[in-house]
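S.K.: Quick one: this structure, given as structure tokens, is what I'll be asking you about.
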Amino acid sequence: MNPTMKARTIAKVHAETGQPCRRCHPPLGTRARTAALALAAALLVPSAGVGQNSFGGTAPGPDPRPPATTPKQPAPGSIAPGPTPGGGIDPELARMEAIERQDMGVAPPAQLHTGAMHGPTPTSLPGGRLVTTREIYELVRRTQGDRATAPRVFDILGGQERLPGALLALPAAQPGSFDDATQREFGNFLQGVVQGRRDLPMIFYCASTQCWLSYNAALRAVRLGYTNVLWYRGGLEAWKRAGLPLQKADGGPGGAGPQGGAPGPAR
């Protein structure tokens, strides 16, 4: 197995175990759980049957069960609008944000990462921006009900579970150069998703703050000229820590993070 595939396998195992370190990631309290469930309500939308991009194989087809009836369907890969909670973000989610932004002493490279894909990561992205679970929540509130400005979410991990509505873009994690075949194919894929809107928010995530896969993908998007590239450094681990629900790889509802209690999409 080559180093890139080995690193990706390690990252997948990390994501699929779904057990963040409780010493480093203490459980959230009741108020934080309430805020997290409010965010879940805004994100629980399947990916509208959108398949995998052309350079990564085929994603599972749409679920055969009838989807829930909703007044509007979000654009593929977008975060769906949901109810706006009145209490804002709990301070405990802000505490979790500090963990997601933890400085590991790693400088942000302007070139694609070529080393092990599982390991400490930087706290910034050249040409883009690191975002946390709290900031995604706020972004959902700002764009609520507006399909034209709703963020698009990209899964660069490819495990058994993913964020609701996320589109797979696994090959974008590959090391290489910004003029290789992967870059050209990734550019074609993103063009189809955003329909030429280079200013749309684009969220890239993988396993955790110890995963470089989404960093490479986000950096590729920056070099393609996208101006609102958001790197969700906390990734799947932070999402689970917030108690938010997941979508199974087969398109059905997945489980929730350690806080539990969040239902899957209504069917």
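The values are calculated or read from the model by the stated rules, or taken from the named source; none is laboratory data. Nothing here was measured: the structure is a model prediction, and the numbers come from that model. Glycine gets a Cβ as well: all are built from the backbone with ideal geometry, and neighbour counts include every protein chain shown.
S.K.: Within the bounds of the range 222-234, is there any residue that is of a type outside the set (Phe, Trp, Tyr), in a helix (DSSP H, G or I) and farther than 22 Å from residue 137 by Cα?
M.R.: Yes - at least one qualifying residue is present in the range 222-234.
S.K.: If you don't mind, another one. Residues of the range 140-182 being surrounded by fewer than 19 Cβ atoms within 10 Å (Cβ to Cβ), of a type in the set (A, V, I, L, M) and outside any loop (DSSP other than H, G, I, E, B), which ones?
M.R.: Hit for the range 140-182 is 181, nothing else.
S.K.: Among (1) in contact with a Gly (Cβ under 7 Å, 6 or more places away or on another chain); (2) under 20 Å from residue 241 (Cα atoms); (3) modelled with pLDDT under 70, there is one condition residue 100 misses while meeting the rest; what is its number?
M.R.: Only one criterion is unmet by residue 100, namely (3).
S.K.: Which pairs turn up if I take residues in the range 186-214 that are free of Cβ contacts under 8 Å to residues at least 60 places away in the same chain and assigned to a loop (DSSP other than H, G, I, E, B) and look for partners that are surrounded by fewer than 24 Cβ atoms within 10 Å (Cβ to Cβ) and among the hydrophobic types (A, V, I, L, M, F, W, C) with beta carbon separation below 7 Å, at least 6 apart in sequence or on another chain?
M.R.: Note: pairs meeting the criteria are 200/194.
S.K.: Report yes if residue 219 is within 17 Å of the chain's Cα centre (by Cα), modelled with pLDDT of 95 or more and either among the aliphatic types (A, V, I, L, M) or more than 16 Å from residue 248 (Cα to Cα) (or both), otherwise no.
M.R.: Criteria met by residue 219.
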